[in-house]
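Values in this text are rule-based calculations from the coordinates and carry no lab data. Nothing here was measured: the structure is a model prediction, and the numbers come from that model. Cβ coordinates were reconstructed from backbone atoms using ideal geometry, including for glycine residues, and neighbour counts include every protein chain displayed.
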Amino acid sequence: MGVKLGLKSSRCASPKCALIRKPYAPGVHKNKSFRRKVSEYGTQLAEKQKIRFTYGLTDGQLRRVFEAANAEGKSGAEGVLDLLERRLDSVVYGLGLADGRRRAKQLISHGHFWVNGRKVTNSSFLLREGDEIRVRPESADFNYFKVRREELKNYEPPVWLSLDKDEFKGKVVGRPKEVVVPFDINLVVDYYA
């Protein structure tokens, strides 16, 4: 896609990132200056794919997110980003309890997280203001979470999330705001319109 989507979380922050090592297109003709002009539909499709890859969604899931945002009556881009960021996998990643969204999905499906004291294994679970997310006490002793605990010492979560680094839990304190994304969501709103 030509943009850092955060799929390889720690690797993409290092000099080993593929976009840094090889900042050109793959293949034999990578250095050719000729590029076909991309249509408006092609641009919209590329932005939709960036959203899909960033959040790990299928086409059907993404379409349902847009329909749900439309049903809530929120403006297109704000409503969609609100729903995408309040998913459990995005919140676990935002709190720093997982080093990437894919890892967050895996940890959630294996039952390592509690939401409001109950185990949740559905990564698309939609969180509300006041919901508390914590690592299951039995899982806190796993090596992965011990390493995460060390890495969280210098981490600051987004303003709409609060993190208790000692207890290894977090809370949703507001609606998602000041979210930086590597795509233009307005083009995808036009795509689904």
Among the aspartates and glutamates, which have Cα under 14 Å from the Cα of LYS146 when same-chain residues fewer than 8 positions away are ignored?
ASP99, GLU138, ASP166, GLU167
Count charges around ASP164 for me, please; just the other residues with Cβ under 15 Å from its Cβ, Lys/Arg as +1, Asp/Glu as -1.
+2
Could you give the size of the charge dipole of segment 88-172 about its Cα centre, using +1 on the Cβ of each K and R and -1 on the Cβ of each D and E, expressed in debye and rounded to the nearest 20?
260 debye
Determine one quarter of the surface area of the Cα convex hull of segment 88-172, which equals its mean projected area, and express it in nm² to one decimal.
4.8 nm²
What residues have an amide H closer than 5 Å to that of PHE113, excluding those fewer than 5 places away on the same chain, when H is modeled at 1.01 Å from N in the peptide plane?
VAL120, ARG136
For the VAL38, VAL180 Cβ pair and Förster radius 25 Å, calculated FRET efficiency rounded to 0.05 is 0.55
Got the relative contact order for segment 88-172 handy, in percent, Cα pairs under 8 Å and 6 or more residues apart?
31 percent
Simple SL model, points at 7 angstrom along Cα→Cβ for ALA71 and THR121; separation in nm is 2.5 nm
